[in-house]
1. For the range 77-122, which residues satisfy the criterion of being among the charged types (D, E, K, R), over 16 Å from Ser46 (Cα atoms) and part of a helix (DSSP H, G or I)?
2. Identify all residues within the range 89-108 that are touching a residue at least 24 places away in the same chain (Cβ under 8 Å), closer than 20 Å to Asn48 by Cβ and of a type outside the set (Phe, Trp, Tyr); write none if there are none.
3. Which of the residues spanning the range 106-142 are exposed (fewer than 11 other Cβ atoms within 10 Å of the Cβ) and among the basic types (Lys, Arg)?
4. Looking for whichever is in contact with a His (Cβ under 7 Å, 6 or more places away or on another chain) and acidic (Asp, Glu) here; the options are Glu84, Glu75. Which one fits?
5. Is it the case that the range 10-17 has a residue that's crowded, with 16+ Cβ neighbours inside 10 Å, in a helix (DSSP H, G or I) and touching a Leu at 6+ places or on another chain (Cβ under 9 Å)?
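No lab work stands behind these numbers, since they all come straight from the coordinates. Being a predicted model, the structure only gives us computed values, none of them experimental. Glycine gets a Cβ as well: all are built from the backbone with ideal geometry, and neighbour counts include every protein chain shown.
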Amino acid sequence: MADIYEAITKDHDKARDLMKQIMDTTNRAAKKREELFETFKLDMWSHNKIEEALFYEPLRGAKETRGDAMEAVNEHHVAGGLLEELDVMPKDSEAWIGKFTVLKELLEHHMEEEENEIFSDARKVIAKDRAEELGDKFQSRKRVVVPALTPEA
């Protein structure tokens, strides 16, 4: 069983891998880029919503972590806006890859800050047994939400 920190980090690793795969595509591989982006978009949307509900909600309630939680949720909102813009843009353009690069840099900063700073502060607020419960909930919600959002072929 993974605790909330391991569950989030595992999701981050998947996002990092998908971002690398997307960045490795060329404008001529628009179909492949579109498929990868669709997976990435659904994963990020569900990750952010579930993370906000399970991880950041208790952090917002504690004085010592409230500021970091608010900043992280705002970063989620910025990332969500970029995901929406990218979703409707032609995937075979320099403008698309430029905007995706901005999103990638934002998310890399966000994930690094979470893993290297916020997690250590969160451990002071979220008890170990609660972190394990939240990790289980995070994973079970991901298993339900992502398939529910995936368009049928």
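1. We begin by selecting, within the range 77-122, every residue among the charged types (D, E, K, R); these are 84-85, 87, 91-92, 94, 99, 104-105, 108, 112-115, 117, 121.
If we keep only those that are over 16 Å from Ser46 (Cα atoms) as well, we get 85, 91-92, 94, 99, 104-105, 108, 112-115, 117, 121.
Once the filter is applied, which keeps residues that are among the charged types (D, E, K, R), over 16 Å from Ser46 (Cα atoms) and part of a helix (DSSP H, G or I), the range 77-122 yields Glu85, Glu94, Lys99, Lys104, Glu105, Glu108, Glu112, Glu113, Glu114, Glu115, Glu117, Asp121.
2. Correct list: Thr101, Leu103, Lys104, Leu106, Leu107, Glu108.
3. Matches in the range 106-142: Lys124, Lys128.
4. Working: Glu84 fails: in contact with a His (Cβ under 7 Å, 6 or more places away or on another chain).
So the residue among Glu84, Glu75 that is in contact with a His (Cβ under 7 Å, 6 or more places away or on another chain) and acidic (Asp, Glu) is Glu75.
5. yes
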